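Okay, so here's the structure we're looking at.
The values are calculated or read from the model by the stated rules, or taken from the named source; none is laboratory data. Not measured: the values here are computed from a predicted model. Here the Cβ positions follow ideal geometry from the backbone for every residue, glycine too, while neighbour counts run over all protein chains shown. Protein only, heavy atoms only, side chains kept; ligands, DNA and RNA dropped before computing areas. Shrake-Rupley method; radii C 1.70, N 1.55, O 1.52, S 1.80 Å.
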Amino acid sequence: MTTKLPFFASATRRPFVKRASVVASAAVLAVGLTACGGAKPKASGSDDEGLSVGIFVDNAFGDGDFFDQAAAAEKPLESDLDAKVNTYEGQLQAQNFEPLLQDAADANDIVFVLGFEAIDALVKVADENPDTQFVFVDGTVDSPNVVSAEFRTAEGCYMAGALAATVNAAAGAKAAGFVGGIDAPVIKNCESGYTQGVAEVDPAQKVTPQYAGSFVDPAKGREIALALQQKGAHSIFAYAGLTGAGIFDAAKADGKIAPIGVVADKSSLAPGKTSGSLEMGVDTVLLALVKDYQGGDLEQGSQHTYGFAEGGWKMVYDEALVGAEGIAQLDALQERISSGELKISE
């Protein structure tokens, strides 16, 4: 099995490092499914009266972030698709992963797994439970046995960069700060998209990046944000997990910093100072995949990517800080991405 660092480190909240691949030789989902996947007999222990959906996280819900974005799918799954939803928390205890995933396999038809720490357990349990469809969210598992759902990182970060440049232009600032967790490929992809977005709005602006070397150090994030402000950065975007919370603390201490959120709307962390957030549509992705599964259109082992067009990303803005005209221009730019007219380089 070969692995690559995932999207954001999940030691405290969500896996903010994306695992690019997990190669497994296990034969999964062969029983009760055709090669093209689709609806199949109920897993043992599932609700015979309807579809059962499991959502497993390697840490815990209540993070106000990635895991809670997945939990937001529970109500529409129940009300719109008449599904029963079961949730499972690994509490970052590796010994819990396999037993909980086995419980999920027994009780559900389709199980979503979030958190790269649980990938090895996922592959093993999926191999042993061919009557349950497993889906890994926010990365790829290069196996014919597990469906993968991945977010197009550079595309989302591009719009964060465009927002940063728009807010900078209004403030007369010439630098946009970027805080990365660690120097991993997916973080570099985000930095690349962010830089492209800044240049699209104002080629004269520069991006000043700095890496914290950690996803779980908000004090370091605060320190970096204040240092970037001293270098002329006004808008600052962090793709750094819990470390990124530090930029909002810095904004509350220094009114010259305009932070941009990621994954969820982070405006509550620095009210009146957060120009906007790049939301990750985890709930949208879960709903779409369950609908595909119900319709027999979820191909076994398939890999799916999500951007603005598919509801994988969504921008939210503070109109008081961005302005109606600025938001209109940003919406037009996002539409060019969604339509395929504008391609973002990784």
Every residue from region 308-323 that is under 17 Å from Asp265 (Cα atoms), under 21 Å from the mean Cα position of the chain (by Cα) and part of a loop (DSSP other than H, G, I, E, B): Phe308, Gly311, Gly312
Among the residues of region 244-271, write down those that are part of a helix (DSSP H, G or I) and modelled with pLDDT under 95. Ala253
Within region 89-107, how many residues turn out to be open to solvent by 30 Å² or more (accessible area, probe 1.4 Å) and either over 30 Å from Ala238 (Cα atoms) or assigned to a strand (DSSP E or B) (or both)? 9
Determine, yes or no, whether Glu341 is part of a loop (DSSP other than H, G, I, E, B) and charged (D, E, K, R). yes
Go through region 205-240 and give me each residue that's of a type outside the set (A, V, I, L, M), part of a strand (DSSP E or B) and under 22 Å from the mean Cα position of the chain (by Cα). Pro209, Gln210, Tyr211, Ser235, Phe237, Tyr239
What are the residues in region 114-131 that are over 25 Å from Gly296 (Cβ atoms) and either surrounded by fewer than 22 Cβ atoms within 10 Å (Cβ to Cβ) or of a type in the set (D, E, K, R) (or both), if any? Glu117, Asp120, Lys124
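Conditions tested, residue by residue: (1) without any contact (Cβ under 8 Å) to a residue 40 or more places away in the chain; (2) within 25 Å of Tyr317 (Cβ to Cβ); (3) touching a Lys or Arg at 6+ places or on another chain (Cβ under 7 Å); (4) of a type in the set (Lys, Arg).
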site	(1), (2), (3), (4)
Asp202	yes, yes, no, no
Gly213	yes, no, no, no
Phe237	no, yes, no, no
Gly241	no, yes, yes, no
Ala264	no, yes, no, no
Ser267	no, yes, no, no
Val282	no, yes, no, no
Please determine whether any residue of region 69-85 is open to solvent by less than 40 Å² (accessible area, probe 1.4 Å), modelled with pLDDT of 95 or more and part of a strand (DSSP E or B). yes
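From the set of residues in region 179-194 that are of a type in the set (Val, Ile, Thr) and more than 15 Å from the chain's Cα centre (by Cα), which is most open to solvent (accessible area, probe 1.4 Å)?
Ile182
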Residue within region 149-172 that is basic (Lys, Arg), closer than 20 Å to Gln229 by Cα, surrounded by fewer than 24 Cβ atoms within 10 Å (Cβ to Cβ) and at pLDDT 95 or above present: no
Within region 143-178, residues touching a Cys at 6+ places or on another chain (Cβ under 8 Å) and either part of a loop (DSSP other than H, G, I, E, B) or over 14 Å from Ile260 (Cβ atoms) (or both) come out as Thr153, Ala154
Give the residues of region 132-148 that are surrounded by fewer than 24 Cβ atoms within 10 Å (Cβ to Cβ), modelled with pLDDT of 90 or more and not β-branched (Val, Ile, Thr), sorted by residue number. Ser148
Restricting region 56-88 to residues that are aliphatic (A, V, I, L, M) and over 17 Å from the mean Cα position of the chain (by Cα), the residue that is farthest from Leu114 (Cα to Cα): Leu81
Before we move on, is Gly326 open to solvent by less than 20 Å² (accessible area, probe 1.4 Å), of a type in the set (Gly, Ala, Ser), at pLDDT 95 or above and over 15 Å from the mean Cα position of the chain (by Cα)? yes
Within region 288-307, track down each residue that is surrounded by fewer than 17 Cβ atoms within 10 Å (Cβ to Cβ) and assigned to a helix (DSSP H, G or I). Lys291
